[in-house]
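Here's the structure we're looking at; comments come further down.
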Amino acid sequence: MRARPLATLVTSCDSGLRANHIPVQTLAEPAPLGSIRGHIARANPLWRDYAQGTEAMAIFQGPEAYISPSLYPSKTQTGEVVPTWDYAVVHAHGTLKFIDDAEWLHGFVAGLTATHEAARLQPWKIGDAPREYIEKMLRLIVGFEFSILRLSGKWKVSQNRPLADQQGVVKGLQEASDADSREIAAMLAARGR
């Protein structure tokens, strides 16, 4: 969840299900499962339409990769293979509480920015912008906290295939040019140990 902080926040509103894609901060507190914090534009109707106390779900998409049947040695033996997709996801379930407080928002945005800027040679920080501009921007957003009540993970990494096919997938994905494919290969290789 921390490695892939762009969550899909799914909520139930009077108009039906609503999905918002939001960069979030995942915290260890409160125990045992922690919480998620984020913000949305004040113009987003979610913060007014959300039915307080109803369950919401934040979906964190992990690595994913197309799996070609040509990676399976069993293709040449039986021909009984089809394409598939390997992936890993986490679903965090809980309830939302919206926060319309300038001091809280300032602290949250400063922390979120510091986290994402940390790897840069010259990290941008909230204090680099004029104070009046930041105050104006903070008035345009509403924060939220999401108490995590339940976590569920789901992954499909060719575990349903024979060992030789799994090894073929690992080899093929390790040679792929994209990071997700190589990450799926590492997950499958680790599983096989």
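The values are calculated or read from the model by the stated rules, or taken from the named source; none is laboratory data. Keep in mind that what you see is a predicted model, and the values were worked out from it rather than measured. Please note: Cβ atoms are built from the backbone with ideal geometry, for glycine as well, and neighbour counts cover all protein chains shown.
The set of residues from the stretch 118-150 being more than 25 Å from Gly34 (Cα to Cα) and either aromatic (Phe, Trp, Tyr) or under 21 Å from the mean Cα position of the chain (by Cα) (or both) comprises Trp124, Tyr133. Within the stretch 11-28, track down each residue that is closer than 17 Å to Val142 by Cα and of a type in the set (A, V, I, L, M). Passing the criteria: Ala19, Ile22, Val24. Quick check on Val10: is it under 14 Å from the mean Cα position of the chain (by Cα), under 20 Å from Leu151 (Cα atoms) and crowded, with 17+ Cβ neighbours inside 10 Å? Spelling it out, it is not the case that Val10 is under 14 Å from the mean Cα position of the chain (by Cα), under 20 Å from Leu151 (Cα atoms) and crowded, with 17+ Cβ neighbours inside 10 Å. Of the residues Ala31, Ala3, the single one that is touching a strand residue (DSSP E or B) at 6+ places or on another chain (Cβ under 9 Å) and of a type outside the set (D, E, K, R) is Ala3. Of all residues in the stretch 45-86, those being of a type outside the set (Phe, Trp, Tyr) and out of contact with any strand residue (DSSP E or B) (no Cβ under 7 Å at 6 or more places or on another chain) number 17. Checking each residue in the stretch 43-85 for being in contact with a helix residue (DSSP H, G or I) (Cβ under 9 Å, 6 or more places away or on another chain), over 26 Å from Met1 (Cα atoms) and among the β-branched types (Val, Ile, Thr) picks out Val81, Val82. In the stretch 161-174, of all residues being closer than 15 Å to Asp86 by Cβ and surrounded by fewer than 18 Cβ atoms within 10 Å (Cβ to Cβ), the one that is nearest to the chain's Cα centre (by Cα) corresponds to Gln174. When Ile59, Ile40, Ile36 are checked against the criterion of being surrounded by 12 or more Cβ atoms within 10 Å (Cβ to Cβ), of a type in the set (Val, Ile, Thr), touching a His at 6+ places or on another chain (Cβ under 8 Å) and in contact (Cβ under 8 Å) with a residue 40 or more places away in the chain, a single residue qualifies: Ile59. Scan the stretch 91-98 and give yes if some residue there is at pLDDT below 95 and among the aliphatic types (A, V, I, L, M), otherwise no. Yes, some residue in the stretch 91-98 is at pLDDT below 95 and among the aliphatic types (A, V, I, L, M). Taken residue by residue, the stretch 93-101 has at least one member that is over 25 Å from the mean Cα position of the chain (by Cα) and of a type outside the set (S, T, N, Q). Checked against (1) crowded, with 18+ Cβ neighbours inside 10 Å; (2) at pLDDT 95 or above; (3) of a type in the set (Ser, Thr, Tyr), Ser158 meets all criteria but (2).
Evaluating Phe108 against the criteria (1) farther than 18 Å from Ser35 by Cα; (2) aromatic (Phe, Trp, Tyr); (3) surrounded by 15 or more Cβ atoms within 10 Å (Cβ to Cβ) leaves one unmet condition, (1).
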